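Peer 1: Starting off with a structure, shown below.
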């Protein structure tokens, strides 16, 4: 049995390792914005351009790009909070959920937005993490996990539920409700995709 100090250090290291993923992704967004501010021109042209096959690369790039500093700052806190709630389940789960949200949200936005519309920003991921955190309470196979996730979901809905609804039904001009809606749908898909089946032993009892 490892010494208590060693075990505590290992748990701390594991926790930091899990939360490192959303922190790294957010830091990358800030780095991109800094470089974009320094260099001539703008990176936003590499975002997701609807109904343009050459713009499909924006599915990957759009979440890293922001129209301005205010746009990035507005996304940063909810991204970090909700991203860390997803990352609690591990770095692999965080990146898998992020990929599903980006793909589902990106394709939905590309199809349902007006042709030629350029979409950038991490808000699709934010809405996706929200959808994932809320729905994973129903996707977990263990009762104890469902209760814990349900409590987290209630807190998250209390904190961000109004903002999320406004982001779909009450958006200002120039804001993509499609990106918000399909990001949230992507989060729901990720929650269902990560659902664990009950153990065989539990089924036979």
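The values are calculated or read from the model by the stated rules, or taken from the named source; none is laboratory data. Predicted, not measured: the structure shown is a model, and the values here were computed from it. Here the Cβ is made from the backbone with ideal geometry for all residues, glycine too, and neighbour counts use every protein chain on show.
Peer 1: Could you check the stretch 101-113 and list, in sequence order, the residues that are in a helix (DSSP H, G or I), buried (at least 17 other Cβ atoms within 10 Å of the Cβ) and over 14 Å from the mean Cα position of the chain (by Cα)?
Peer 2: 108, 109, 110 - these are the residues of the stretch 101-113 that are in a helix (DSSP H, G or I), buried (at least 17 other Cβ atoms within 10 Å of the Cβ) and over 14 Å from the mean Cα position of the chain (by Cα).
Peer 1: When the stretch 135-151 is examined, which residues are found to be in a helix (DSSP H, G or I) and either over 16 Å from the mean Cα position of the chain (by Cα) or modelled with pLDDT under 75 (or both)?
Peer 2: Within the stretch 135-151, 137, 138, 139, 143, 144, 145, 146, 147, 148, 149, 150, 151 meet the criteria.
Peer 1: Only one of 116, 186, 124 is modelled with pLDDT of 90 or more and at positive phi. Can you tell me which?
Peer 2: The unique qualifying residue is 116.
Peer 1: While we're on this one: For residue 116, all conditions in the list (1) closer than 22 Å to residue 30 by Cβ; (2) exposed (fewer than 13 other Cβ atoms within 10 Å of the Cβ); (3) in contact with a strand residue (DSSP E or B) (Cβ under 7 Å, 6 or more places away or on another chain) hold save one; what is the number of the exception?
Peer 2: (1)
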